[in-house]
Amino acid sequence: MPAKKQFSNPEFMYIVCDSTNLNAILLSTGSESSAKAITLSNRRLKIFPIETWANWIDENFSNFNFNDLNKTYLYSWRPGKRLVVEADAALSTDRNLIDFRKEVKSRFVWHDALDILCNSVMCSNTETPLHSKYGDSIIGQLQQCDISNNYFTDAIIAYATATNCTPATAYEELKLHMENMAHARLRNLGIYIKHRNLLNSVEPTNAALKKVYDSAKDELIMNSLV
Amino acid sequence: MSKLLLSKNGQFEDPTKPDVVEWYSIYKLINLNVSLVDRCDIIENPYVFHNHFPIPTIPLGFNKTYEEVCIGRAEELLAHAKSINKTIVILYSGGIDSTALVIAFLRATTDTSNITIALNTASINENPNFYYQHIRGKFKMLPSERTLDMLTGEYIMVGGEFNDQLFGSDLMGEYQKVYPVDTLFELYSEANIVPFLESNGMTAAQSKKWYSLINNHIRSTNLCEIKYVKDFFWWLNFSFKWQSVYFRIISRTARRDLITQDFLNNYYQQFYNTQDFQSWSMMNPDKKIIRDWRGYKIACKEFILSYTGDKEYFDNKIKMGSLSGVFRQRSVPDALAINDDGTFEFIDTIDMSKYYNPVNGFNR
C-alpha cells in the first residue's frame, strides 16, 4: 500500500460528487472556489470538504487519485467516519456517468483557470496586502466618524498623530485606500461571476469554454493594454 | 457612414488581403489596442479612419519654454473651471507627467480649494515624497479606481496624457534594450531602423515598407527637424498615435450617453493636448532625451526639480506606464467611430468589412 500523503494542516480537499449516482466522486481539488463554481453547473453536483489531516478521514482519501477518469470511487460517511470505496463495475462503466464526468471535468479546468486569473489580477492591482490585512479595522473606524461634525474616533486620531497629519486628512487618506480597494474588488467579483456563470452554461466543448475564458482575460487584462 | 476613431485592431487581421497584411505588420511593434492615424493625412490605412487631430502649425514667433507652457495651461484650465463653476479633478498616477501637471497648478495658484486629486496606493508609492509634501492635506482626494466613472459632467477631468507624445516614445526605451545607448543619437537611416523592426517580428519586406512610408512622411511634411533615431520614433508617436491617446479613456467611459464633442471640451481635458505644447515639442528636439532612458523627458523633469528640489528623483526616475492599471477589469467596445453629423458611435461588435478601404497606402 502506498504511503499516506502528507498534507499540511489544515488543508482541505474538496471532492465534487454526483448525488444521483451514490455520490460517485467526479473530481477532487484544493480550490474551494473552483469546486463551488462547478457545482453551480448542475444540481446533481455536491461538494464535500475533506479535512485531510483529521483522524476520522479514511486514509484512502490520500491514496486514491479522484481525477483519474479510468477509476470511479464513491464517497460515504458514517458517524465519526468518512469513507471512500471503489464503485462496482456496473457504475464504473455506466456511459451516462462517464460522459457526465467528462463534461464536469472539462468545465472544471476552465473554472480553475478563471479563478487563478482573477486572483492574479488582484495581486497586481493597486491593492496592497497591508490595506487588505487592516481593511476591516479601518472600515469599522471610518464608519464611526462623522466628518461633517468633525468627529473622529480615537483610532483615527492615533493614526493621524503617528503619520503627522490632521484627523480629517487621516480619514480622507484611509477612506481613499478602502474605496480604491472596494472598487477594484467589486469589478473583479462582477467579472468573475459573469464568466463563472457562462462557463456553466455554454456547450462543454473546449472551444466554447476557451472563448469564455478569453473574454474574461480581455476584460481583466488585455483591454487595459495601451 | 461613420469613420473610425479608435479600434481594437486584432479584429482587422485578414490574411486574404495583402494590403491588410502589410499594414497589420506594424502591430508586431505596437500594441493592438492602438490605432495609428496619420495626422497629416498622407498615409491611408486599409480601414477608414477619421483624422480628428490634424497636426497644428507652429505659430510665427513661438518661443515659449516648457515651463511657461505648463503654467499657462494650468491658468487656462483654472479659468475654464471658474467659468463653468466646476471642480478640477487631476488624474494623478505619481509618474512624471502627472507630477508635472500638479506642479503647474501649484505654480499657477495658491488656492487649491477647487482642485481634487484622483489617486490610489500605487500613485503614492510611485513618488512618496511628493505625496507627503505636496498632496496630502493640501488637496481633496478621490479614489482613482473611479476614474472611468468620473466623466459625468460633475467635474472637469484633467489627465496627463500626451506628454509621452511630446517627448518621444516607449520605442526609444525598447531600442536601447537592443542597441548601444549612443545609437539613439545617430542619424536615422534604413540601416539602423529596419533591423530594429525586424527584431520585433516584422519581415524584411514589411520593415522596409514601413520605414519607407515613415521616412517619406517625414520628408514630405518637413514640419520640423527630424534627424536622429530618437526623433524618428518621436515622430511616429507624435503624428500617428495622438488620436488613440485622446480617445482611449473616452472609449472606456461608463456614461457613453453623455459623450459629445461639446461635453468633452468642457469636462474632459488632457493637460498636454494644446497647440502650445505641440509647438514646443516640434521646436525642441534637443530637450526630449539626453544620454539614456533616465534622461528621457528631461525638460519635464527639470520643471519638476525646480519645484521639488528632489535631485534623487531627477537623477533616477524613469518613465513607467500607469494607465493600464486604471483600465484593468473593464470592457471596451470594438471601436469608437464618428458619424457625419459629428456624433460619436460606440461599436461593441464591429463588422470590419464595412470599413475596408480598397484604395489605401498599402496596395499602391
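The values are calculated or read from the model by the stated rules, or taken from the named source; none is laboratory data. Bear in mind the structure is a predicted one, so any value in this text is a computation, not a measurement. Don't worry about glycine lacking a Cβ; one is built from the backbone with ideal geometry, like all the others, and counts go over all protein chains shown.
A few comments on the model shown:
- Elements of type helices (runs of 4 or more DSSP H) in the stretch B:210-305, at least 3 residues being closer than 28 Å to B:I193 by Cα: B:229-240, B:242-250, B:275-283
For (1) of a type in the set (K, R); (2) touching a residue at least 12 places away in the same chain (Cβ under 8 Å); (3) part of a loop (DSSP other than H, G, I, E, B); (4) within 14 Å of chain A (Cβ to nearest Cβ), each residue gets a yes or a no:
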{"position": "B:H52", "(1), (2), (3), (4)": "no, yes, yes, no"}
{"position": "B:P56", "(1), (2), (3), (4)": "no, yes, yes, no"}
{"position": "B:L60", "(1), (2), (3), (4)": "no, no, yes, no"}
{"position": "B:I71", "(1), (2), (3), (4)": "no, yes, no, no"}
{"position": "B:T110", "(1), (2), (3), (4)": "no, no, yes, no"}
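- Residue within the stretch A:193-208 that is more than 9 Å from every other protein chain (Cβ to nearest Cβ), part of a loop (DSSP other than H, G, I, E, B), out of contact with any Asp or Glu (no Cβ under 7 Å at 6 or more places or on another chain) and not hydrophobic (A, V, I, L, M, F, W, C) present: yes
- Only listed residue being within 19 Å of the chain's Cα centre (by Cα) and more than 19 Å from B:I103 (Cα to Cα), chosen from B:A335, B:A299: B:A335
- Residue match in the stretch B:133-149 (condition: within 14 Å of chain A (Cβ to nearest Cβ), in contact with a Phe, Trp or Tyr (Cβ under 6 Å, 6 or more places away or on another chain) and hydrophobic (A, V, I, L, M, F, W, C)): no
- For the stretch A:139-180, a residue qualifies if it is touching a residue at least 24 places away in the same chain (Cβ under 8 Å) and at the interface with chain B (Cβ under 8 Å from one of its Cβ atoms), and the qualifying residues are A:H177, A:N180.
- Put simply, of A:S224, A:S215 the only residue that is closer than 18 Å to B:R330 by Cβ and facing chain B (nearest Cβ under 8 Å) is A:S224.
- Count of the stretch A:68-101 residues which are part of a helix (DSSP H, G or I), among the charged types (D, E, K, R) and without any contact (Cβ under 8 Å) to a residue 40 or more places away in the chain: 2
- Candidates A:I138, A:I157, filtered to the one that is surrounded by 17 or more Cβ atoms within 10 Å (Cβ to Cβ) and either outside any loop (DSSP other than H, G, I, E, B) or basic (K, R) (or both): A:I138
- Taking the stretch B:150-177 as the range and being assigned to a loop (DSSP other than H, G, I, E, B), of a type outside the set (F, W, Y) and within 14 Å of another protein chain (Cβ to nearest Cβ) as the test, the residues that pass are B:M150, B:G160, B:E161, B:S169.
- Comparison of B:Y66, B:Y92 shows that the only residue that is in contact with a Cys (Cβ under 8 Å, 6 or more places away or on another chain) and modelled with pLDDT of 95 or more is B:Y66.
- Check on B:T121, free of Cβ contacts under 8 Å to residues at least 24 places away in the same chain, under 26 Å from A:C123 (Cα atoms) and not aromatic (F, W, Y): yes
- If you go through the stretch B:305-344 and keep only what is touching a residue at least 24 places away in the same chain (Cβ under 8 Å) and more than 27 Å from B:D164 (Cα to Cα), you end up with B:N339, B:D340, B:G342, B:T343.
- Test for B:L101: is it at pLDDT 95 or above, over 18 Å from A:H177 (Cβ atoms), buried (at least 24 other Cβ atoms within 10 Å of the Cβ) and not polar (S, T, N, Q): yes
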